[in-house]
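I have placed the structure first, in the form of structure tokens, so that the comments after it can refer back to it.
The values are calculated or read from the model by the stated rules, or taken from the named source; none is laboratory data. Source: prediction; values computed, not measured. Glycine gets a Cβ as well: all are built from the backbone with ideal geometry, and neighbour counts include every protein chain shown. Accessible surface is based on the protein model in full, side chains and every heavy atom, while ligands, DNA and RNA are left aside. Shrake-Rupley method; radii C 1.70, N 1.55, O 1.52, S 1.80 Å.
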Amino acid sequence: MAKEAFPHKEVEKKWQERWMRDETYRSQEVEGKPKKYVLDMFPYPSGEGLHVGHPKGYIATDVFSRHARMQGHEVLHPMGWDAFGLPAENYALKHKAHPRAAVEKNIATFKSQLARLGFDYDWSREINTTDPAYYHWTQWIFLKLLEQGLAFESEEPINWCPSCKTGLANEDLDGNACERCGTPVEKKRLPQWVLKITEYADRLLVDLDTLNWPEHIKEAQRNWIGRSEGAELDFAITGTDEKIAVFTTRPDTLFGVTYVVLAPEHPLLQSAYRNLIPIKNFKEVHAYAVTAAGKTEIERGAEGKEKTGVKLEGVMAVNPATKEEVPVFVADYVLGSYGTGAVMAVPAHDERDYAFAKKFGLSISRVIEGGNLPFTGDGVLVDSSEFSGKGNREVMGDIVAYAGGKKAVRYKLRDWVFSRQRYWGEPIPVIHCEKCGTVPVPYEDLPVTLPEVESYEPTGTGESPLAAIDSWVNTTCPKCKGPGKRETNTMPQWAGSSWYYLRFMDPGNDGALVSTKAEKYWAPVDMYVGGAEHATRHLIYARFWHKFLYDISVVSTLEPFARLASVGLILAEDGRKMSKRFGNVINPDDVVAEYGADAFRLYEMFMGPFENATAWSTSSIAGTARFIERVWRLQEKVADESRARLDKALHETIKKVGEDIEAFKFNTAVSQMMVFVNAAEKEGEIGKEQWRSFLKVLAPFAPHMTDELWERLGEDGSIHQASWPAYEPALLAASEAAVVVQVNGKRRGEAVLAADASEADALAAARKIDTVATALGDAEPKRVVYVPGKIINLVV
RNA sequence: GCCGAGAUGGCGGAAUGGCAGACGCACAGGGCUUAAAACCCUGAGAUGGCCUAAAAACCUUCGUGUGGGUUCGAGUCCCACUCUCGGCACCA
């Protein structure tokens, strides 16, 4: 055999073509065969193309899925494109191209880049969210949500990005800025479609416990959902029939309430209700409320900012526990969109109320002992009528009952603002009719396709560019057959990605979202891999839609993604984020051309723990390329007879690599294979059977080279359809081992002992060692700790 | 402020309570070579000592963010801190 370097270019080309030709990675439902559905978060095909950070997760799922296949699972490992939405559209605007043309070009680029890495995707299942046959079902889900009362029209002010010229959901914000472009958002009142994700808040929270997900992702979702347990209490307004309902998590402090605060959005402050309560300075109050309500939450001031507010002159509220009257304020530190839009203020035991009371000179009354004011801890109640002297936590429920309130649970999660005033998205399938109101497009008329337009630039007026196309907008009402106008807003970027994992199970099905047969076989996704930045966006939306689809019997599982791994970033060599802006982007094409796809794959898996952010290192990839070459050269050392001394290392490698892949600990799997190759080189020869087993273990990581070496061994078919080797437990346990001898916990020598040597034998052997005898001196061991095969410690 | 994850050589990192630093990078010395690259071999946590012309070898002590504790034995378990990264944040 020639002493050639590994000709990676030819080998990659040869096997990539052969896998394609033989449909090596085609997946199908096979009755009775165990399945594994392994999924990457599918990419937005941006114009930038892939940099070396993108494939890290794809390599991991590739290794994982190849291992699963070799273990006898039917594997589904698909790929597709999330091509609607702002990134694609903004790219198209910038490059003066139609979004569709840009998307097609970008997909071609992405696909060719991915192809070079030798992934085992079943490309026959490729999907694209902008394909009408796909978004047919995105629209179908919307109609079902509408049918079930979970989609509704709202005129509430929403967050508006003046740069992207569209409304945004809460999840699309980064603080007070548009998550996409960083522009601060404004409040804007627009007719909007909103999805009632809040109806699912509790289930989204509780079912997190059933998921095998990283703790930080689950915690991010718990924070986002923000469940609070407390109580709702009514404060009657003196001299009227009105009352102010407040939500509080601290009903135990009810006896310390010295005023009540309404949010600027509170209904009692609106002009329409002005006669309900006797606000003497209504004009002033109303003006303050209108101004404050028009500001975004961030503009209204974060924690620490000086509080503002106006007293409602002539209005007093009655504390339901003490029957005392307290003044009422409007202040922008109270949010209209949370709780009841009104709070009871307890300045002695709440920092915000304390700051407000100090500024406005309001009274402060302590009802819990301990600490300086404001005291937010727990303690013994005082000045709390019959509850005085009791622990505040113990009597919380009793105080609620005493005050005639009721227990209540509130969430921070907001409903999903679902309309976008942009062109490049799924049209929302409803028709507005003067006579019938809002009418859903009949299911049989789906999909409502996106029309071709001259100008798809956003108008900025709050109208979608679609509104300018009269021929498309003007239609007939499905109900009364009179004139109707189409909804011109489109769906957000997250719509198509909220259910795509279902489409992969049954792509191209025009008759249903997914067939029951396919869904029953493949669901749920067994392993889902992607970036942690989706924790409170995509991952929460997809869970919401999935639970809804479960409720209407489209899917059979409560959760879409049973297990999740979040991929750590690959930083540039300079430690910064890889970005065109910094000029530090590394293109995988260049790396593959120089070092080969297998070395690239191995390197990204070897860099460090999968979830860690790690800087790219060109010299380190040279190391894995060296490893590839050493394996390649090992083919010259293959002998007919197995080398007994390699057996232990081999079987350890089979065991560890398999377990590490399963646990997503690829870095230690790679290092174990290096350990084995080191041992084989030292041995000078490797038996043919041992070589076969080792190639199989390496195959998920280095699919091209291993298939080539497999063929050179004279094997038929692809190594990737061979079965994973079994390890022999008997070979793992060494018959004898070097046992460390310690005296008082300090290493003094070692003794080679049989694995089953008795303590007496071990002690005798230990005593024979000079250094041990010296350390012992005349002393007799008071105690001997013996762990067979590991250690013997003599305590004197 | 609340919540989560983490801190180990020059670097990435490894280690079911049992020889800390596997594996790799970078580095140093040597081999091969006319030379270089490639490749191969060897070395290396720190400090002090011993022997030395110098080194190797050998020995001592220290050593996994800090301070305590449990244990025959702690990177690993417990308590209290410091710092870094991430999520939430005027959510009552």
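Summary table
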item	result
Cut-off 11 Å (backbone N to label point 7 Å along Cα→Cβ of A:Lys688), residues of the stretch A:701-736	A:713-715
Over chain A, relative contact order from alpha-carbon pairs under 8 Å, at least 6 apart, %	14
Computed [θ] at 222 nm, deg cm²/dmol, chain A (DSSP H ≥ 4; -39,500 (n - 2.57); rounded to nearest 500)	-10000 deg cm²/dmol
Sites matching GluC sites (Glu not before Pro) across the stretch A:120-210 that sit in DSSP coil, with at most 16 neighbouring C-beta atoms within 10 Å	A:Glu155
Spatially near lysine pairs across the stretch A:40-149, Cα under 28 Å, sequence gap of 8 or more or different chains	6
Relative contact order (%) - the stretch A:593-676, alpha-carbon pairs under 8 angstrom, separation at least six	39
Area of A:Thr459 that stays accessible when all protein chains are in place (1.4 Å probe, Å², to 10)	70
Ranking by accessible area, most exposed first, for A:Met527, A:Met396 with a 1.4 Å probe	A:Met396, A:Met527
Solvent-accessible heavy-atom area per residue, rounded to whole Å², over chain A at 1.4 Å	43
The stretch A:1-89: trypsin sites (Lys or Arg not before Pro) in DSSP loop, at most 16 other beta carbons within 10 Å	A:Lys3, A:Arg26
Spatially close lysines, pair count over the stretch A:562-658: Cα under 28 Å, gap of eight or more or interchain	4
Net charge of Cβ neighbours under 14 Å - reference A:Tyr521; Lys, Arg +1; Asp, Glu -1	0
Percent RCO, i.e. relative contact order, over the stretch A:505-655, from Cα pairs under 8 Å lying at least 6 residues apart	19
Accessible carbon and sulfur surface of chain A relative to its total accessible area, %, 1.4 Å	49
Area accessible to solvent at A:Asp590, 1.4 Å probe radius, in Å²	100
Environment charge of A:Ala403, counting only residues whose C-beta is closer than 13 Å and scoring Lys/Arg +1, Asp/Glu -1	-1
Label-point gap, in nm, between A:Ser579 and A:Glu594 - each point 7 angstrom along Cα→Cβ	2.4
Summed residue charge, Cβ within 12 Å of A:Ala535's Cβ, Lys/Arg positive, Asp/Glu negative	0
GluC sites (Glu not before Pro) within the stretch A:637-702: DSSP coil, no more than 13 neighbouring Cβ in 10 Å	A:Glu641
